[in-house]
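The values are calculated or read from the model by the stated rules, or taken from the named source; none is laboratory data. These figures come from a predicted structure and were not determined experimentally. Backbone-built Cβ (ideal geometry, glycine too); neighbour counts: all protein chains shown.
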Amino acid sequence: MTKRALFLVFAMAALAVPLLTAQSNEVLDSVLGEATISYANAAYLVGTASGRFPETTSPADAGPLLEQEGLGTPGLRPTDPVTLGDFSYMLTRAFGIHGSIMYWVLPSPRYATRQLAYLDVISGPAKPGMPLSGDRALRILERILHRKEAAQ
Amino acid sequence: MKPIVLVLAGLILFSVSAFALQGDFGVNLDSSSFLSSGVVDTNAESEYKAAVWGELFQETDQGGSLDLIAQGSYRYTADRPYIVDLDLLRFSGLFPSAFGAGTAVELKAGRLNFNDATKLILDQTLDGVQINLLFSGFQIRLAGAYSGLLLNPSSNVRISADDYLEANDNSVFFGPKRIITEAFIGSDGFAVQALAQFDMRGNTGGEIINTQYLGIAGTPRLSPNFYLPYHLTASYGQSTVGNKTTNLISALAGLGVQFYAEELAASRAHVQVTYATGFTPVVLLLNNISFDDFRPISPPTIGLVFSPRLANLLYLDVGYSFRPFASNPSSVVSNIEPLVAARVFFRDPLPRLLSGAPADILVNDLNPNSTALYLGTEVEAGVVARLFSDLGLSIRGAVFLPSTGSSAAFMSNRGIGYALKIDVSAAL
């Protein structure tokens, strides 16, 4: 999918969810340009999409803000790459996605990834340690928002 | 042994660091309990299985991937209290754009599942190689495999009388030795497939059977909710005992309708008729051969209580399942799926039409004086529930009502058969 098409997909999802209507093109461009999404941008996407903080928040502040709520990944710096497992774990906590006994017993990136793959939120290979590109992160987030919308 | 382990460990470490392989592992626990009664005695059996799997995965350019997965298991049954087996050892490589844009080559090698388009002829884990050439709208599959390294309890390759005798023989360690080949070209709507199996046991004094299959199969979509599954297979084979070789010609066919509507509580329904030839003692003019029993490579399980071999059989299978709480936001509740099904069994009518007598069917308590074709009806009900992403449960019960009486297919003392099957699976 091209960058512009992805942007359109994301914009359509954003139209359905008022919380995302004002996502800055600057951040989206930055996310789409990342072969491996940074912790700052991943935390920004998760935090704004779940309504934890406004979209005017700086991506650099997003990680610490999520961590204050127990949803981030302490130890990662804003420029550090985020794996599929890290991103999945942020999403399952921020959106309250459960449904796995092992996730309940041992909440972790590993079981968060499996849960999202089971729900078809993650399509394709789903290994917790995989590097995560910006466009794949956006697609995962888009499916989460669709699920949330469908459940309402 | 020690140097080999060190070399393997070194290779794995090198692979993980040099090629940025992703690793994953897990444990699967399965329990299956089966209770049946009616025909002879009440019988209860359970199987418990614990499997450990590990996977190495690497993404390559343009959406390709390299994947190595292995699974070993420990299985307990009352008959065989220790079965340690290698369930899966599969290398998969996906190479996109191998023949231009929109194409791909998928290579699989090792111990993996092989099946034909109908899954009625072949559906079995084997050791071999499979190549899929993926084009826009159709694919070509070529496969070759060997069945002789599978443990006997894990092998369902049963074709000759010797194969069936060995099935419950604890002194036989490995399953039947056969080379199996497969070629497939087509799409979901229409495909042509060819299979063959060759008995590799050599001259043991028993019956050696080689079989070849050529057929068509597909499940075209008739409308947004209806599908038309069909298949037709002709089989040719050679049965050799000592110096005498008999040619075997047989056929398998099926036609049905499937319905699926997500909006109607994820309703699924199907009606399907399946036909497999039985021995017909009419000599064809060409090559002095008769129609014979159809012989699948791995016989399918047809019913819960009554599951005859797929030979000399005509049966109607109807079923319906739905998810009454499909729209419930809780995935625990929404995945509960009740199901009902019924199967009506007949013998192949062709032998009686041509010779006046029906062919024998290899089940207990058949009435030798009867020429009746109707064998009985099985009714099944159950619930399948994926309660959590890592916990599944299935409870299925069935009743088989045999056709009994002085002129009916079964002896009068054959009772109604009952079966209850409970499966639980967990992924850790």
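General observations
- All positions within segment B:330-358 that are at pLDDT 85 or above and assigned to a loop (DSSP other than H, G, I, E, B): B:Asn335, B:Arg347, B:Asp348
- Residue count for segment A:114-127, restricted to those that are more than 9 Å from every other protein chain (Cβ to nearest Cβ) and at pLDDT 90 or above: 3.
- Segment A:102-111: number of residues that are within 11 Å of another protein chain (Cβ to nearest Cβ) and in contact (Cβ under 8 Å) with a residue 24 or more places away in the chain: 1
- Within this structure, B:Phe198 fails the test of being more than 15 Å from B:Arg295 (Cβ to Cβ), of a type outside the set (Lys, Arg) and surrounded by 15 or more Cβ atoms within 10 Å (Cβ to Cβ).
- Contact map, segment A:128-142: residues that are within 13 Å of another protein chain (Cβ to nearest Cβ) paired with residues that are small (Gly, Ala, Ser) and part of a loop (DSSP other than H, G, I, E, B), Cβ distance under 9 Å, separation 6+ or inter-chain. Pairs shown: A:Pro128/A:Ser108; A:Pro131/A:Ala35; A:Pro131/B:Ala20; A:Ser133/A:Ala35; A:Arg136/A:Gly124.
- For segment B:335-352, the count of residues that are without any contact (Cβ under 8 Å) to a residue 12 or more places away in the chain and among the polar types (S, T, N, Q) is zero.
- Scanning segment B:49-74 for residues that are on the phi > 0 side of the Ramachandran plot and either at pLDDT 90 or above or within 12 Å of another protein chain (Cβ to nearest Cβ) (or both) yields a single hit, B:Gly63.
- Hits in segment B:372-405 (condition: out of contact with any strand residue (DSSP E or B) (no Cβ under 7 Å at 6 or more places or on another chain), in contact (Cβ under 8 Å) with a residue 24 or more places away in the chain and more than 25 Å from B:Arg268 (Cβ to Cβ)): B:Ala372
- Within segment A:41-80, the set of residues being within 15 Å of the chain's Cα centre (by Cα), among the aliphatic types (A, V, I, L, M) and over 20 Å from A:Leu145 (Cα atoms) comprises just one member, A:Leu65.
- One residue from B:Phe400, B:Phe346, B:Phe388 being hydrophobic (A, V, I, L, M, F, W, C), crowded, with 18+ Cβ neighbours inside 10 Å and within 14 Å of another protein chain (Cβ to nearest Cβ): B:Phe388
- Qualifying residue in segment B:229-240 (condition: in contact (Cβ under 8 Å) with a residue 12 or more places away in the chain and within 30 Å of B:Tyr74 (Cα to Cα)): no
- Enumerated helices (runs of 4 or more DSSP H) restricted to segment A:72-152, each holding at least 2 residues that are crowded, with 17+ Cβ neighbours inside 10 Å and aromatic (Phe, Trp, Tyr): A:84-94, A:109-118
- Any hit, segment B:291-303, residues being out of contact with any Asp or Glu (no Cβ under 6 Å at 6 or more places or on another chain), under 21 Å from B:Leu122 (Cα atoms) and of a type in the set (A, V, I, L, M): yes
- Of all residues making up segment A:82-101, the number that are over 24 Å from B:Ser425 (Cβ atoms), within 12 Å of chain B (Cβ to nearest Cβ) and not β-branched (Val, Ile, Thr): 2
- Residue satisfying condition, being among the acidic types (Asp, Glu), more than 14 Å from every other protein chain (Cβ to nearest Cβ) and over 30 Å from B:Ile416 (Cβ atoms), within set B:Asp24, B:Asp87: B:Asp87
- Members of segment B:359-381 that are at positive phi and not in a loop (DSSP other than H, G, I, E, B): B:Gly376
- Number of the condition not met by B:Gly144 [criteria: (1) surrounded by fewer than 21 Cβ atoms within 10 Å (Cβ to Cβ); (2) modelled with pLDDT of 95 or more; (3) farther than 18 Å from B:Phe91 by Cα]: (3)
- Among residues of segment B:416-428 being out of contact with any Pro (no Cβ under 8 Å at 6 or more places or on another chain) and away from chain A (no Cβ under 14 Å), the one that is farthest from B:Val344 (Cα to Cα) is B:Asp423.
- Condition check for B:Leu366: under 28 Å from the mean Cα position of the chain (by Cα) and at pLDDT 90 or above: no
- Filtered residue count, segment A:57-71, keeping only those that are assigned to a loop (DSSP other than H, G, I, E, B) and not hydroxyl-bearing (Ser, Thr, Tyr): 3
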